[in-house]
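Encoded as structure tokens, the structure appears first; notes follow it.
FYI, it's all coordinate maths here, none of it is from the lab. What you see is a predicted model, and the numbers here were worked out from it, not measured in a lab. Virtual Cβ from ideal backbone geometry, glycine too; neighbours counted across all protein chains shown.
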Amino acid sequence: MKIIAVIPARYEASRFPGKLMHKLGNKTVITTTYQNVVETGLFDEVFVATDSEIILDEIIKNGGKAVMTGQHETGSDRIAEAVQNIDCDIVINVQGDEPFLKLEPLRQLIQVFKEDDRQEISLASLKIKLSEKEEIENPNNVKVITDNNDFALYFSRSVIPFHREVSYEVNYFKHIGVYAFRKEALLQFSRLEMKPLEISEKIECIRYLEYGMKIIMIETNFVGVGIDTPEDLEKARKLI
């Protein structure tokens, strides 16, 4: 089984344009992320998938591998274009703006496919428990509910489940956007038309559910440092 990591990397970002090319220590954010992924030793190959010549050149000049893609609405569509001619079985999506990785969640995602003898699982992803009311109600936090076997039933920006029975304690989980795809499922995803639920929620993994594919969720307690604003960049610099 050949396992690769792909880091989708856009230069433009609405809240912080060019953030991936800002420096963390003596390296850019995207180079730091790329090298940290390589250093995990979990992957046969690591690629950056980008629509930016600036990011492409940055990775190549630092000895990395990068693939130029077109414009895409979702990271999954970008990755699908990048891997279509790459020999692999499993593709792990690592966010370019989260340079600090933890090994165990990545190992767990990979293990899902090693144990899936019947090849029923299309996608594996991560979830983390939410406890603060503000975090639960924040539409920027995508919530997920699962069945008894940890397969995703639905993702939403709304509060799910609705806590009607107040005598019963409800657990809420946030979806963390680290994905592990079976390559065939990823390529199929990119060919499928968006359906109403995905369009309404603007959550790409709903597309898998709307077409009947299985997504297994793994609980983690790891919260990465996402760089979405200049303030986030300063926090990351302090960590280094």
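Structure notes:
- Qualifying aspartates and glutamates (Cα of each under 20 Å from Cα of Lys114; at least 8 residues distant if same chain): Asp44, Glu45, Asp87, Asp89, Glu104, Asp150, Glu184, Glu219
- Value at 222 nm in deg cm²/dmol, rounded to 500, when DSSP H runs of n ≥ 4 in the chain each add -39,500 (n - 2.57): -8500 deg cm²/dmol
- Rule-of-thumb Rg ratio for the stretch 1-97 [Cα; 2.2 N^0.38 Å; N residues]: 1.00
- Dipole of the stretch 114-175, positive direction: furthest Cα of Ser122, Val170, Asn141, with charges on the beta-carbon: Asn141
- Hypothetical label at Glu134: residues of the stretch 203-240 whose amide nitrogen lies under 19 Å (7 Å Cα-Cβ projection): 223-233, 235
- Under-25-angstrom lysine pairs by C-alpha in the stretch 1-104, whenever the two are 8 or more apart or on separate chains: 13
- Going from the residue with the fewest nearby Cβ atoms within 10 Å to the one with the most, Asp228, Asp77 rank Asp228, Asp77.
- Set Lys214/Lys235; Lys143/Lys183; Lys202/Lys238 screened for pairs whose C-alpha atoms are more than 28 Å apart: Lys214/Lys235; Lys202/Lys238
- From least to most packed, judged by other beta carbons within 10 angstrom and beginning with the fewest, Arg118, Arg107, Arg182 follow the order Arg118, Arg107, Arg182.
- With eigenvalues of the C-alpha gyration tensor scaled by 5 and rooted, the stretch 86-217, Å: 25, 17, 15
- Segment Val170-Val225, length gained on full extension (0.36 nm per residue, minus Cα span): 17.1 nm
- Residue order for Tyr211, Tyr172, Tyr179, Tyr34, fewest other beta carbons within 10 angstrom first, comes to Tyr211, Tyr172, Tyr179, Tyr34.
- Remark: spin-label model distance Asp89-Leu103 equals 2.2 nm, labels positioned 7 Å along the Cα→Cβ axis.
- With R₀ fixed at 25 Å, the C-beta to C-beta distance from Gln35 to Gln71 puts the FRET efficiency at about 0.40.
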